[in-house]
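Notes to accompany the following structure.
The values are calculated or read from the model by the stated rules, or taken from the named source; none is laboratory data. Just so you know, these numbers come straight off a predicted model, no measurement behind them. So basically every Cβ, Gly included, is an ideal-geometry build from the backbone, and we count neighbours across all protein chains shown. Side chains are part of the model used for accessible areas, which takes the heavy atoms of the whole protein and leaves out ligands, DNA and RNA. Shrake-Rupley method; radii C 1.70, N 1.55, O 1.52, S 1.80 Å.
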Amino acid sequence: MLRALVLATLLIVIPRVGAGQPVSVLHIRVALVDAERKAMPVPNHALLISDNPATSTPLRVVTTIDGTVDVRLRPGNYTVESDEPMAFQGKAYQWTEMVDIVAGRDAVLELTTANAEVGPAASAITTTTAPPETSLSSLLIQWQDSVVALWTPTAHASGFVIDANGLIATSQRAIGTATSIEAQLTPTVKVAARLLLADPERDVAVLWIDPTAAASVRPVSLGCAQPTKPAGIITEGQKIITIGAPARQQKGPAFGTVSRVEAHTIASDLNLPVGSAGGPVFTTAGIVIGLTSVPAERDAESSVRQRGNSRVVRIEDVCDVVASAEKKVKGVVAPNGTHLPVEPVRPFPEDALKDAVRRRTGSLSPYQTSSSDFDIAFITPAQIFGAQGKTIASRLMDFSNWSEYVASVPPVLLVRVTPKLVESFWATVARGAAYTQGASLPPMKHVKSGFSRMRAFCGDAEVTPIHPFRLEQHVSESDTIYEGLYVFDPDAFGPQCPVVKLVLYSEKDSKQGDTRMVDPKVLQQVWQDFASYRALQ
């Protein structure tokens with residue numbers, strides 16, 4: 001730090017990297033090893049980078065959620081050092097390392113437990129009469145892996161592992177009334193979650209996953225056995241932190257201040273990303289005080305949704321529901337831990353999407369077919385990307401409760417199944433009678449048959465979707481229909497399939513499916529839309 005302060009007094013302007021100057025990229029990764037010998041990335045750690053001999057003020061950079069940061073530098077010798085020590089598991093860590101940058105050659109700097117300067121934790125914090133504050137980096141290192149993404153057919157939420165048996169706590173409002181839930185622990189690991197208990201009054205739900213799947217995750221300690229619950233000492237103006245897992249985004253923190261403390265909830269100005277409610281809420285000392293939630297339906301249009309009124313369920317209610325749920329796992333077989341399909345980790349770059357749009361011939365409308373009761377549309381990323389911001393976005397490109405998900409253009413194939421609307425015989429007669437009296441009425445249509453589920457086959461092999469979503473569509477003030485939006489891997493239906501068939505089930509007959517063979521021309525067009533993405537492999 002002394003070196004940094006001395007350099008900060010220099011009045012020399014920082015030399016900028018100009019056109020034609022050779023530069024290289026320094027890849028920095030900061031990670032520590034916890035008590036269980038597990039490497040944990042250090043996010044939000046500030047580093048100062050200065051050239052040797054010093055000619056300017058240091059460049060300050062901050063690591064991202066995965067503990068990395070990339071810096072473009074000219075050739076030379078540099079010193080990389082921590083701006084401030086960070087506290088982790090009772091110790092303070094900081095780094096001072098020198099690195100040579102060679103023209104045209106990237107460099108890698110690993111800052112780890114092995115090359116850190118280790119001191120007492122007091123050196124990383126300001127000593128006060130209040131409990132010592134845990135650094136943000138330390139908090140995220142300890143608990144970001146414990147936070148999981150939850151997928152239901154109609155919503156996305158966050159949850160967090162709370163014990164070694166695989167129990168997960170979340171907000172009941174965030175997952176709704178779903179009984180089919182999937183828990184995604186990492187970008188490549190997703191398993192089925194069983195709903196053990198949902199308490200709408202307390203707004204807490206407890207899920208259960210295979211304990212083996214949760215073995216690598218450190219459970220968040222709720223402190224339920226403590227005589228005085230942490231939330232009991234929460235006061236207005238107190239700083240709080242939550243960690244969430246938004247859909248198709250990295251896990252990350254949100255910061256806020258307590259604005260009001262009530263019997264069962266805490267109001268704050270936490271600003272949650274869409275689909276991230278249900279994550280744990282901590283004090284700055286790292287103590288869990290509850291979980292984030294979403295507003296009740298009656299508050300959907302009120303100030304409760306506005307910044308300054310985010311809702312936190314207090315830990316007392318969480319503990320009560322967890323205690324009841326724990327009784328349900330005794331002597332019961334654990335959920336299946338088979339890994340479920342996940343989205344491709346590699347994104348669909350914008351340049352490749354533009355190329356896919358250029359390759360298209362004709363319109364950017366979805367590829368459509370139908371059965372007796374349903375209309376079926378195949379939708380690719382090229383169609384979604386090409387339709388964004390344009391008037392060609394038809395009803396088929398309105399994705400209702402999954403609009404945020406689709407807008408991120410995931411590299412997947414969407415199959416949308418929409419119930420057909422028909423007009424009954426007597427409605428047609430009534431319209432005709434009205435017309436003879438000079439009144440022109442629009443068709444009075446209703447859903448021919450509600451959608452239940454879909455199965456897809458590549459030849460004789462059934463293909464499990466990544467997500468079996470349901471879209472909520474309001475056809476009138478009182479009527480809502482549900483469409484299917486099934487998400488598949490881009491290679492799910494390719495040349496390897498002798499035939500592709502879909503079996504559609506209606507609510508009227510959930511056992512007898514309507515089988516439809518997919519036109520090979522449609523499959524060829526779908527395959528071609530992913531050619532630019534496939535070329536990146």
Revision key, fill the gap. Length gained, Ala46-Val342, 0.36 nm per residue minus C-alpha separation, equals 103.2 nm
Check your understanding: Past the 24 Å Cα-Cα mark, which pairs from Lys38/Lys91; Lys420/Lys508; Lys420/Lys511; Lys190/Lys354; Lys327/Lys511; Lys354/Lys521?
Key -> Lys190/Lys354; Lys327/Lys511
Check your understanding: On the accessible surface of the range 458-537, probed at 1.4 Å, how many percent belong to carbon and sulfur atoms?
Key -> 48 percent
Practice item. With a ≥ b ≥ c taken as the square roots of the eigenvalues of the C-alpha gyration tensor of the range 336-391, please select rounded if a/c is under 1.5 and otherwise prolate if a/b is larger than b/c or oblate if it is not? Key: oblate
Review point. Looking at the range 162-245, which GluC sites (Glu not before Pro) are in a loop (DSSP not H, G, I, E or B) and have at most 12 other Cβ atoms within 10 Å?
Key: Glu201, Glu236
Revision key, fill the gap. Taking protein heavy atoms only, a 1.4 Å probe, and rounding to whole percent, the accessible area of the range 152-195 owed to carbon and sulfur comes out at 55 percent
Exercise for review: Report the relative contact order of the range 479-537, percent, no decimals, based on alpha-carbon pairs under 8 angstrom and at least 6 residues apart.
Suggested key: 30 percent
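Is the C-alpha gyration tensor of the range 157-228 telling us rounded, prolate or oblate? Criteria: a/c under 1.5 is rounded; beyond that, a/b larger than b/c is prolate, otherwise oblate.
oblate
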